[in-house]
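The values are calculated or read from the model by the stated rules, or taken from the named source; none is laboratory data. Just so we're clear, the structure is a prediction, and the values are computed from it rather than from any experiment. Heads up, the Cβs are rebuilt from the backbone with ideal geometry, glycines too, and the neighbour counts pull from every protein chain shown. Remember, those area values only see protein heavy atoms, side chains included, never the ligands or the DNA or RNA. Shrake-Rupley method; radii C 1.70, N 1.55, O 1.52, S 1.80 Å.
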Amino acid sequence: MKVSYNWLKEYVNIDLTAERASEILTDTGLEVEGLHKVEGVKGGLRGVVVGEVLSCEKHPDADRLNVTTVNVGSVEPLQIVCGAPNVAVGQKVIVATVGCTLYPTPEEPFKIKKSKIRGVESFGMICAEDELGLGESHDGILVLDNSVPVGMEAATYFELEDDYEIEIGLTPNRSDAMGHIGVARDLVAYLNVHENANLSLNIPSVENFKVENNDLQVAVSVENEEFCPRYMGTTIKGVKVEASPAWLQKRLRSIGLSPINNVVDVTNFVMHELGTPLHAFDADKLNGKLVVKTASSKEKFTTLDDVERELGSDNLMITNGSENLCIAGVLGGSNSGISEESTNVFLESAYFDAVSVRKTAKMHALNTDASFRFERGVDPNMTDYSLKRAALLIQEIAGGSIAMDVVDTNSKPVADWTVEFNYDRCNRLIGHAISKEMVNDILKNLDIEIVAENGNDVTLKIPTYRVDVTREADVIEEVLRIYGFNNVPLPEKLNSSISYFKKPDVEKVQTVISEMLVGLGCIETMNNSLTKSDYSKKLGGETVKPERNVEMLNPLSQDLDVMRQSLLFNALEMVAHNQNRQNADLKLYEFGKTYHKFDSGYSENKRLMIVLSGNREQESWNSSKNKSSYYSIKGTALTVFKRLGLDGMLKEKALKNSLLQDGAQLFVLKNKVGEIGWASAKMKKYFGIKNDVFIADLDWDGIIDSLKFSKVKYSELPKTFAVRRDFSLLLDTKVTFSEIEDIAKSSDKKILKEVGLFDVYEGKNLQEGKKSYAVSFKFQDADKTLKDPQVDAVMDKIRGQLESKLGAELR
């Protein structure tokens, strides 16, 4: 949020540098993220002075040019060629001298140089309004009053003042500081408490507001009081819509707003002054009535930005009974706003429900100044004051008369709420003793009233503009931020206790695996736990079902409306994002939780997702261009289990009911701990991915639970040699290596140590439906050298089992 320091000083009489004011605001919780000097006019009109035209003659070679001599005071009169039709002898004018730089627009600097124009030398320029960057008029040069002294600096004459733009990183709870007065309130509280400044806020008076006639009546009705608890309005008849006066334009530009017209500018000014949004309608387009109601589903409405939007049934609208005029609290319509032809104004000041406004704004992907404020909660009791303040300003600069009694659909003010507070608990929570007198002084300067007191217990009345202060802890936070976080001393001793960690240490195990994966070339990623429900509807299949979504009550957007049931969709988003930025070779992993809703309740499950895509190695003169494959992801996943000592208990089964295509399910004993496979063509098309994407989706909670079965065993190095035997097997194509491995290991558990697959062949010279596997078997006895008969007996047993159970044939 942007704040003008000069504007701020209109409400509090302070003599501080902008830097010091920024420090105070940061200390009180309004963190200043940027402080920028803003010149009244870019360049500050340096080198531009008041001059007097001493002579004016026609240019000898140009009918539309004049050759003038101008007295600028400190130097000899200057000869200046001028093309303005209104230049004349005796005028006081604005002169840009040689060497100065003008900024007709901030982006287009124009340096004044000595020049020859049609053969006549010119030593400067007599300026028009637009050439100085002060306006848009180019009808002629600026002619000043004759009383203005020659040589006066133009910046002094125009009363230009430098300003500072303070950029505040406003937290969602500080809705009280959404206007300049709210920010000034914190400065007053701090300076009164710490420097005994005895300051008070200068709040503009609205005592002069009065209804002058009832010539312009508008009937107001609210059909949805839940979304609009209070709606106020009045009419102003006979206004003249034109450009705003200089002071108002200056205030709006100082915070980055562009002036529109005097009526609209007043509503923006008051919003940034008080933090309360307002809206002005052309009263002649209301048909004498205004109805606040929700829209019909899929109804079309064109907003101020000329975008046609499809409305939802929970979008609150301002209508004239038959036509929509404005999305309440968000954005006006294209046909009901104030234009130069408008002469009658209906001025709105309302209190809209924060949740309703937020949902509507997010639905239409809008983030306006009004929705920013309503979403955080405005002061419901400020609607009356802000309406009268804006009406008086419109009368002051646009004329007109108040032509209708103020309509108020809920004139009963919202009562201040009370909070029970204890001084001892305050000090205990802060960790530092603050005197009761100091606490009371802080509360007083924050407009928090003590209504009852009983020893160290008091009852406090909280003003309605502090919508975030509802508990004792909130009040303590208010005391602390004005007292100053930096004033709380660091403790002289540090207390600690011995912590008990359950085995296994989950964080340590995760760190071990993270470091291992990074060592393998993977990059850790982190994704939002929120995702869009469309994934479950379009891609979820039998695994990620829409009815299991944990839905957000107040979603930030349609793309973040549910908690994720799987890490897969986030992973594919990342792959697509990188691929579209010429980074297609990926090795990624993420530890993250998934969330499900069942009939029995909600569940969370922590998982590890590993993703490989593109080339296995970075491009280099000595590297291969082999692509990642199913075996790449399988090897990475198995490495995880091996590092944790679970590889000996790991089993594979065919993949069923999975988001992945083909691949395998992984089990430790009888517990499923994950899946490996690759993204289907349908998913790749949905996300716009070209390369194959190989995925290991591991149940990290299940893996951690399985560690209780892992026992670290130490044994001395064997003194004997290993023996290797091979089989070349002819098998049905449906047979998997894991089946062969299981049969072999069940045949002998004493001397058979390893089973490996070192060659696969399918194709020419093999029967249809057959394939050839070359399988290795490693035997070893740690105590004695194996003899051929021992090994042959085990190999015969394995062969028999493979033939009977898998129909295998030796080639």
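Note on exposure: D306, D474, D662 ranked by accessible area (1.4 Å probe, complete protein assembly) read D306, D662, D474, with the most exposed listed first. Accessible area per residue for segment 258-412 is 36 Å², calculated with a 1.4 Å probe on protein heavy atoms, without ligands, DNA or RNA.
Think of segment 190-286 as having a plus end and a minus end, set by charges on the Cβ of Lys, Arg, Asp and Glu; of G256, P229, M271, G256 sits farthest toward the positive end of this dipole. Modelled spin-label separation between R811 and K642, with each label point placed 7 Å from Cα along the Cα-to-Cβ direction: 2.6 nm. Of the three principal axes defined by the Cα atoms of segment 117-156, the extents in descending order read 34, 25, 17 Å. With equal scatterers on the alpha carbons only and no solvent term, can you work out the Debye log10 of I(q)/I(0) for segment 38-171 at 0.17, 0.18, 0.20 1/Å? Debye output, listed in q order: -0.88, -0.98, -1.20. In whole Å, how far is the Cα centre of segment 29-107 from that of segment 269-303? Distance between centres, Cα-based: 45 Å. Of the residues L54, W621, V755, the one whose Cα sits farthest towards the positive end of the charge dipole of the chain is V755 (charges of +1 on Lys and Arg Cβ, -1 on Asp and Glu Cβ, taken about the Cα centre). Taking every protein chain into account, the accessible area of segment 687-768 amounts to 67 square angstrom per residue (probe 1.4 Å). Diffusion of segment 288-446 by Stokes-Einstein, at 25 °C in a medium of 0.890 mPa s and with Rh set to the Kirkwood radius over alpha-carbon pairs, works out to 129 µm²/s. Split the accessible area of segment 131-232 by element, probe 1.4 Å, and carbon with sulfur accounts for 41%. Rg to Rh for the chain: what is it, with Cα atoms only and Rh by Kirkwood? Taking Rh as the inverse mean 1/r over Cα pairs, Rg/Rh reads 1.13.
Once the gyration tensor of the Cα atoms in segment 266-313 is diagonalised, the equivalent ellipsoid follows with semi-axes of 24, 16, 12 Å, ordered largest first.
Would you mind pulling out the separation of the Cα centroids of segment 768-811 and segment 608-629, in Å? Taking the Cα centre of segment 608-629 as reference, the centre of segment 768-811 is 35 Å away. Using the Stokes-Einstein relation with a Kirkwood hydrodynamic radius computed over Cα pairs, the translational diffusion coefficient of segment 344-398 at 25 °C and a viscosity of 0.890 mPa s comes to 196 µm²/s.
Using a probe of 1.4 Å, the accessible surface attributed to F501 totals some 130 Å² when neighbouring protein chains are kept in position.
Over all other residues within a Cβ to Cβ distance under 13 Å of T464, the charged ones net out to -3, with Lys and Arg as +1 and Asp and Glu as -1. Taken as Cα centroids, segment 227-260 and segment 455-486 sit 34 Å apart, rounded to the nearest whole angstrom.
Only the Cβ atoms of Lys and Arg (+1) and of Asp and Glu (-1) were treated as charged; on that basis the dipole of the chain about its Cα centre amounts to roughly 5140 debye.
Once the Kirkwood radius over Cα pairs is known for segment 629-702, the Stokes-Einstein relation at 20 °C and 1.002 mPa s delivers a diffusion coefficient of 167 µm²/s. Summing charges over all other residues whose Cβ lies under 12 Å from the Cβ of V291, with Lys and Arg as +1 and Asp and Glu as -1, gives 0. Computed in the context of the full set of protein chains, the accessible area of segment 700-811 at 1.4 Å probe radius has 48% of its extent on carbon or sulfur.
Rolling a 1.4 angstrom probe over the protein heavy atoms with all chains in place gives segment 543-642 an accessible area of 54 Å² per residue.
Here segment 363-427 yields Rg over Rh of 1.16, to two decimals, using C-alpha coordinates and the Kirkwood radius.
Each label was represented as a point 7 Å from its Cα along the Cα-to-Cβ direction; for T785 and D139 these points are 11.6 nm apart.
With helices as the sole contributors, the chain gives -7500 deg cm²/dmol at 222 nm; each DSSP H run of n ≥ 4 counts as -39500 (n - 2.57), and the sum is divided by every residue. Here the accessible area of segment 367-445 is 48 percent carbon and sulfur, with a 1.4 angstrom probe and all protein chains present. Annotation: Cα Rg of segment 489-559 relative to the compact-globule expectation 2.2 N^0.38 Å equals 1.87. Seen from a random direction on average, the alpha-carbon convex hull of segment 170-307 projects onto 12.7 square nanometres. With all protein chains in place and ligands, DNA and RNA left out, the 1.4 Å accessible area ranks K293, K250 as K250, K293, largest first. When +1 charges are put on Lys and Arg Cβ atoms and -1 charges on Asp and Glu Cβ atoms, the dipole computed for segment 378-456 relative to its Cα centre reaches about 160 debye.
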